[in-house]
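A short worksheet on the structure shown next.
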Amino acid sequence: MVQSEACTIKIVRPSQYADMLRSYQIMLNGEKAGSIARNDVLEIAAPAGKATIAARIDWGRSQPLTIDTKPGETVEVEVRNRWGSALGIWAITFGRNSYLTLTQCPPTSTSR
């Protein structure tokens, strides 16, 4: 991949009590791109353009998130447990495909 045609996808995982000892698997365009622990950041170099991101942990999944990137751009996406510990029974039965949630963060201004 030519560096000028690449972008960076930055996955951010906040510190939550649920799943605190387990990592989430991050998928980019259907292929494993890495894993992310609690309160961590995962940076993925990817070709610019449309990309589909998904997250999973054991049986739990996120709905896919489609983003559109430009060359040289950094896009930040937050991954988190949607249900928390209190709704664990709901999450492992009916909430299996929405156990995790992905949210694209607004771009941050780098101007001074």
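The values are calculated or read from the model by the stated rules, or taken from the named source; none is laboratory data. All values reported here derive from a predicted model rather than from experimental measurement. Note: ideal-geometry Cβ built from the backbone for every residue, glycine included; neighbour counts use all protein chains shown.
Selection of region 37-62 for residues being among the basic types (Lys, Arg) and closer than 12 Å to ARG22 by Cβ yields ARG38, ARG56.
Among residues of region 48-70 that are of a type in the set (S, T, N, Q), those with a Cβ under 6 angstrom from a residue that is at pLDDT 95 or above and crowded, with 16+ Cβ neighbours inside 10 Å, sequence gap 6+ or separate chain, pair up as SER62/ALA54; SER62/ALA55; SER62/LEU102; THR69/CYS7; THR69/ALA48; THR69/VAL75. SER85 passes every criterion in (1) in a strand (DSSP E or B); (2) of a type in the set (S, T, N, Q); (3) at pLDDT below 95 apart from (1).
Can you tell me which residues in region 58-82 are among the hydrophobic types (A, V, I, L, M, F, W, C) and at pLDDT below 90? Residue satisfying the conditions is TRP59 alone.
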